[in-house]
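The values are calculated or read from the model by the stated rules, or taken from the named source; none is laboratory data. In this text, all values refer to a predicted model and were calculated from it rather than measured experimentally. Don't worry about glycine lacking a Cβ; one is built from the backbone with ideal geometry, like all the others, and counts go over all protein chains shown. Surface areas here come from the heavy atoms of the whole protein model, side chains and all, with no ligands, DNA or RNA. Shrake-Rupley method; radii C 1.70, N 1.55, O 1.52, S 1.80 Å.
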Amino acid sequence: MQILWLRFVQFYLTLGFKFYLKKFDVVYREKIPKDKAVIFLSNHQNALLDPLLITITSTRKNYFLTRAAVFKNPTIAKILKSLQMLPVYRMVDGVNTIQKNRSIFTFCTKLLHQKKSIILFPEGSHSLNRKVRPLKKGAVRIIEETLQTYPETDIVIIPIGVNYQNPKEYGDSMSVYFGKQISPNKFWDGNLLDMQGLNKTISAELKLLTTHIDSISDYETNIIRLHDIKVDYTQPEAVNECLNNDFKYTGKKVKEPSGLYAFFILLVKIFYFIPYIIWRKVAFPKIKEKEFIGTFRYAMVLTLAPIYLLLLLICVSLLFGKTIGLTVLVIGILLPLLALRIK
């Protein structure tokens, strides 16, 4: 039942992104192994959207290490755990909670010994800033403990770059870049792991897979210059080359949304008037972190929009007949799809 549940969720998530994203590209630098322990290590920009997008493209049934704060609601915690998400505690969750990570890390070593796959975000938190932040030691500690407990385990690290064009907007374009495999054995002396060296290697790979603006003082200036030349952030190689080559950009430029797209978006808002009002007036004002805007909007696309469409189908069918009801259903499905393709 667990496998069927995960497959259903994966299918539904994939379907949901077709109604949420304009473009969704996946680049595999190497084939992802199916018979080895794998740790996917990704940059972290867009809250819960990042692990969802990775898991539907990684070809593995993954476990996730997720910030413990999202597990506070018992119902939500139950759902998240059914999706193989594991809570990770940070200092902001309370000093006493950090000890709970011990059992989670031990569980992860067992998963790797069983040749399972785990998704971690080694930066330790999310940020919409386009740069790879310093990596924490959680991931490398799990690797060290695994090799100390199960030295025969063959672990593969796969760095990932998740790239959004406009992560807070509906109809965004994005890409997932799976990088070249890294073997932690090169950093293992049979007793201890060179954590600093391994993290340095992972960080260097991540900086190739997503846009990395290294300068802190000139960050906003660089963002403005990249915006002015209309770079496509879903192509990180071209953007990074632009940053390293005095802003000479040779990649694909992003086009401004057309008037036709604005018209179709207006039609979508009119058709889904009630869900849209709930989003704008109820859900959106309660979002405290901008990194969660995309997550909550996507959650409403997955839940509230289908429920509203189903109720609309039933009401229209009862009042005006099944034919008109089915026509409304088709319009409700095609409108957002057409809007995203026109953008």
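Below is a table of values for the structure above.
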item	result
Residue check for Thr66: open to solvent by less than 50 Å² (accessible area, probe 1.4 Å) and among the hydroxyl-bearing types (Ser, Thr, Tyr)	yes
When residues of segment 22-55 are limited to those that are part of a loop (DSSP other than H, G, I, E, B) and open to solvent by 30 Å² or more (accessible area, probe 1.4 Å), the one modelled with the highest pLDDT	Lys36
Matching residues in segment 287-308 - criterion: being under 9 Å from Ala47 (Cβ atoms) and assigned to a helix (DSSP H, G or I)	Glu291, Phe292, Ile293, Gly294, Thr295, Phe296
Matching option when the condition is in contact (Cβ under 8 Å) with a residue 40 or more places away in the chain and closer than 29 Å to Tyr233 by Cβ, among Leu111, Leu80, Leu53	Leu53
Check on Tyr261, out of contact with any Leu (no Cβ under 6 Å at 6 or more places or on another chain), modelled with pLDDT of 95 or more and under 30 Å from Pro51 (Cα atoms)	no
Tally, over segment 214-239, of residues that are touching a residue at least 12 places away in the same chain (Cβ under 8 Å) and either surrounded by fewer than 20 Cβ atoms within 10 Å (Cβ to Cβ) or farther than 23 Å from Pro122 by Cβ (or both)	13
Qualifying residue in segment 203-220 (condition: at pLDDT below 95, closer than 21 Å to Gly251 by Cβ and either assigned to a helix (DSSP H, G or I) or polar (S, T, N, Q) (or both))	yes
Top-ranked residue of segment 164-185 - restricted to ones that are in contact with a Leu (Cβ under 8 Å, 6 or more places away or on another chain) and charged (D, E, K, R), ranked as farthest from Gly294 (Cα to Cα)	Asp172
Flag if Leu198 is at pLDDT 95 or above and touching a Ser or Thr at 6+ places or on another chain (Cβ under 7 Å)	no
Where a residue in segment 12-35 is among the aliphatic types (A, V, I, L, M) and its partner, wherever it lies, is part of a helix (DSSP H, G or I), with Cβ under 6 Å and at least six apart	Leu13/Leu52
Filter pass, Val140 being closer than 30 Å to Lys18 by Cα, touching a Leu at 6+ places or on another chain (Cβ under 9 Å) and either without any contact (Cβ under 8 Å) to a residue 24 or more places away in the chain or aliphatic (A, V, I, L, M) (or both)	no
Residue list for segment 224-252, restricted to those being touching a Lys or Arg at 6+ places or on another chain (Cβ under 7 Å) and part of a helix (DSSP H, G or I)	Cys242
